[in-house]
Amino acid sequence: MAADETHAEVTPTRGETSTRTPVKSWTLPGVGLLKGLGVTMKHMLKPAVTQQYPDVKPNLPARTRGVIALREDNCTSCMLCVRSCPDWCIYIEAHKELAPPRRAGGAPRKVNKVDRFDIDYALCMYCGICVDVCPFDALFWSPEYEYSEPRIADLLHDKTKLGEWMETVPEAPALEAGAEKKKGK
Amino acid sequence: MTSLLLAQAATEPSIVNQLVDNFWFVLAIKTLVVIGFFLTAPMVVGYAEHKVLAHMQGRLGPMEAGGFHGWAQLVADGVKFIQKEDIVPEAADRPVFSMAPAVAMVPYIVLFVIIPFGPSAYIVDLDVGIFFAIAVSGISVIGVLMAGWASANKFALIGALRAAAQLIAYELPLILAAAAVVMQAGTMSMLGIVQAQEPMWNIVRPWQAVGFIIFMIAALAELTRPPFDMPVADSEIIFGAYTEYTGLKFAFFLLAEYGGIVALSAIASVLYLGGYLGLPGIPLPAFMWMFAKIGALAFMIIWFRATFPRLREDQLQRFAWITLIPLSLLVVLVTAIVEVS
């Protein structure tokens with residue numbers, strides 16, 4: 001009984017699928033082969049899409065995510081990037097320094113001075129979570145990509161190198177019309 | 001070739017005369033010419049394949065070797081092949097394994113002996129020319145069988161047996177199509193077949209045009225070129241009979257493949273495209289016409305490789321026995337009727 005019911009359910013769906021497939025009109029045998037030959041010939045006559053990389057620089061989008069750059073002045077060594085990094089490839093060391101007070105007569109401020117900010121690009125998987133979590137706009141995506149090294153240990157880049165890449169970071173695009181203004185300073 | 005030497009001999013004094021009359025000297029020169037052609041023409045086709053295939057896929061192909069558009073890529077490949085280690089599997093049948101590349105390659109060298117590149121530019125004009133050509137081109141598969149069997153490798157053996165089965169299936173339409181041309185021309189000599197096309201190339205006759213298509217399909221299959229490359233289907237059996245080969249021996253198989261393309265293109269242009277005969281109004285030397293036709297057919301073979309996916313083994317056999325052989329018999333029949341009436 002149960003088998004009959006399933007059978008009754010299956011039959012209409014079968015009919016449905018068969019009506020859905022369009023009936024092919026008859027074509028001359030070999031027409032498809034000739035069409036295929038036409039496609040390959042067309043592609044041969046078109047210019048190739050290959051870019052000869054070391055001779056010709058690739059035409060990349062302006063905001064390409066090539067490498068992570070650091071604006072050292074913005075970094076407070078809060079360690080958010082270090083802790084959110086899935087690969088643990090960011091190393092920060094810092095010490096406290098006294099800075100002049102904000103208002104005259106106030107107590108001197110204590111600021112964190114970054115001694116070491118290294119990213120090990122042999123480990124980094126370019127997920128960009130550090131850039132996202134940074135609350136002080138210290139980390140940016142740079143379109144730079146030519147930083148390979150002969151030795152894998154040399155891929156551990158320090159804050160000087162990360163700072164140099166800041167120059168290649170493009171200006172942030174303007175906010176869309178009607179977008180919420182950024183709060184704070 | 002011979003006439004050129006003879007013409008020189010007529011004008012120059014006795015020492016050259018003696019040399020031209022000397023059988024062994026002439027033999028040595030002819031051998032050098034054939035081997036020289038066999039070593040260069042497949043390289044040109046191989047390079048063309050690199051480039052044409054690349055551009056059909058939107059790539060550039062070799063661009064570095066030799067400076068200008070990678071023209072020396074195959075020379076570099078040759079140097080690389082020579083440097084590679086020559087590995088023979090432990091279980092392999094050593095003498096057979098080492099002999100197989102030569103057996104696969106030599107028939108295609110021998111083929112060039114009978115191909116006419118001009119009214120007098122040929123090595124020999126055999127009375128049984130086309131018969132010789134087809135018989136010799138069939139030997140090549142023995143080399144492949146030897147390679148497959150001697151490798152002691154299951155993939156190699158499957159590949160070799162596929163190659164043999166493919167040759168048996170496609171040799172028949174190849175011979176029948178050629179037989180129709182022989183009936184048309186009334187001679188088996190390659191030179192005679194070209195001369196018989198003096199008023200009209202064979203391909204212009206509709207029944208021979210069908211024969212040309214059959215011949216080219218069968219030639220593709222005999223060369224195990226895509227879409228008939230099941231004997232070397234890399235997704236199924238690695239590289240068929242050549243799986244265990246390395247270095248120079250492997251290069252010989254490749255040379256045999258590309259030499260085969262040149263040889264069968266040459267035979268097809270002799271049989272159907274009027275060989276060295278030119279079109280009226282275009283003043284080109286005879287051998288240039290022959291080269292142009294070989295080049296055009298070789299380009300077609302490369303074009304097919306870029307376009308068509310590989311057939312399945314049973315589809316290949318079915319196509320040969322059910323479609324091509326009856327069709328080629330029909331071509332023979334129509335040729336007989338037209339020629340007799």
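The values are calculated or read from the model by the stated rules, or taken from the named source; none is laboratory data. What you see is a predicted model; the values in this text were computed from it and never measured. Because the Cβ atoms are built from the backbone with ideal geometry, glycine has one as well, and the counts that use them run over all protein chains shown. Remember, those area values only see protein heavy atoms, side chains included, never the ligands or the DNA or RNA. Shrake-Rupley method; radii C 1.70, N 1.55, O 1.52, S 1.80 Å.
Structure values in brief
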quantity	calculated
Entries of B:LYS30/B:LYS80; B:LYS154/B:LYS249; B:LYS30/B:LYS293 with Cα pairs more than 25 Å apart	B:LYS30/B:LYS80
Segment B:270-324 and segment B:134-165: distance between their alpha carbon centers, rounded to Å	24
Segment A:67-168, accessible surface, carbon-and-sulfur percent (1.4 angstrom probe)	52
Pair B:VAL88, A:ASP73: separation of 7 Å Cα→Cβ label points (nm)	7.5
Pair A:VAL111, B:ARG318: separation of 7 Å Cα→Cβ label points (nm)	8.0
Rounded to the nearest 10 Å², the accessible area of B:ASP86 at probe 1.4 Å	90
Cα gyration tensor shape of chain B, rounded if a/c is under 1.5, else prolate or oblate by comparing a/b with b/c	oblate
Inter-centroid distance (Cα atoms) of segment A:59-113 relative to segment B:178-231, Å	78
Segment A:135-180: trypsin sites (Lys or Arg not before Pro) in DSSP loop, at most 16 other beta carbons within 10 Å	A:ARG151
Largest-first ellipsoid semi-axes for the protein assembly as shown, taking √(5λ) over the Cα gyration tensor eigenvalues, angstrom	66, 34, 24
Whole-angstrom Cα spans of segment A:67-168 along principal axes, big to small	53, 25, 22
Vicinal HN-Hα couplings computed from phi for segment A:41-58 (Karplus, 6.51 cos²θ - 1.76 cosθ + 1.60; Hz; Gly/Pro x)	5, 4, 5, 5, 7, 6, x, 5, 8, 4, 10, 7, 3, x, 7, 10, 6, x
In order through segment B:214-224: 3J(HN,Hα) via Karplus (6.51 cos²θ - 1.76 cosθ + 1.60), integer Hz, x for Gly, Pro	4, 4, 5, 4, 5, 5, 4, 5, 5, 7, 6
B:ILE139-A:ALA122 pseudo-label distance in nm [points 7 Å out on the Cα-to-Cβ vector]	5.9
Too-long pairs where the Cα-Cα distance tops 29 Å, listed order kept, from A:LYS159/A:LYS181; A:LYS96/A:LYS161; A:LYS35/A:LYS57	A:LYS159/A:LYS181; A:LYS35/A:LYS57
